[in-house]
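Let me begin by presenting the structure, written as C-alpha cells, before commenting on it.
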Amino acid sequence: MATGDRETGPELRAVVSLPAVESFEGFYAREYRLLVAFAYALTGSRAHAEDIAQEAMLAAYRRWDEVGRLEAPHAWVRKVCANMSVSFVRRRIVEARGLLRLRGRRTEVASLDDDDASFWAEVRRLPKRQAQCIVLCYVYGCSVSEMAEVLGCGDGSVKKHLARARSKLATQLGTQHEEGAL
C-alpha cells in the first residue's frame, strides 16, 4: 500500500447513528387525544383542556428537533400540559376570589328609561360608528371632541356620524330633526 493511501478497517467504518426521530405528525396523532383527557382530568373543563393540549403540542412542535430526540417525548409534552393545567386552575381560583370580593360591592348600573326602548332599538340598528356617537352623546353627554378622543377619529368625522345618525333616527321614529343641531 502506498503512503498516501489510507486503509480503513472495520473498526473505523462504524457510522455514528442517531436514534430515528418520529415525525411530529405521528407523535401528535398518537398523543393528542390522551393529552386532552389528561388536561380535562386536571382542569374539569373540556374546552380549556383542548386549548391546553393544543398549547402543549405547539410548544413541542416549536422545539421538535430537540423534543423529538428525547427518550420520552411524550413525557415532556405531558409535563408541559400538567404545568399549563396547574396554571389554569390557579388563575381560576384567583378569578373566583376576585369575583367573590366584587360580589360584595354591588354597583348601581345605569339604566335606560323603558319609555325610550324604541329609540335605543333604533340606535342599535344604526351603523356601528353612528350608534357609538349617539350613545356617547346621550348617555355620557360627551362633547364632540370627547367623542373624537374615545373613538380615535377627528371632530369632523364625529360631527358627520352624529348628523347622519340623528337624521336617520328622526326618519325612523317619525320626528323632526333640526339640521346643524349637535
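Here are some notes:
- Neighbour-count ranking [beta-carbon atoms within 10 angstrom, fewest first] of ASP155, ASP51, ASP65: ASP65, ASP155, ASP51
- Pair ALA72, TYR140: separation of 7 Å Cα→Cβ label points (nm): 5.6
- Using a simple spin-label model with pseudo-atoms 7 Å out from Cα toward Cβ, ARG97 and LEU173 lie 4.8 nm apart.
- Exposure proxy ranking, count of Cβ atoms within 10 Å, fewest first, for PHE119, PHE38: PHE119, PHE38
- Prolate/oblate/rounded label for segment 38-116 (Cα gyration tensor, a/c 1.5): prolate
- Neighbour-count order for THR175, THR107, THR43, fewest beta carbons within 10 angstrom listed first: THR107, THR175, THR43
- Additional length obtainable on full extension of the chain from SER87 to GLN54, 0.36 nm per residue less Cα span: 10.4 nm
Where a number appears in this text, it was derived from the coordinates with a stated rule and is not lab data. All values derive from a computational prediction rather than experimental measurement. Cβ: placed from backbone, ideal geometry, glycine included. Neighbour counts: every protein chain shown.
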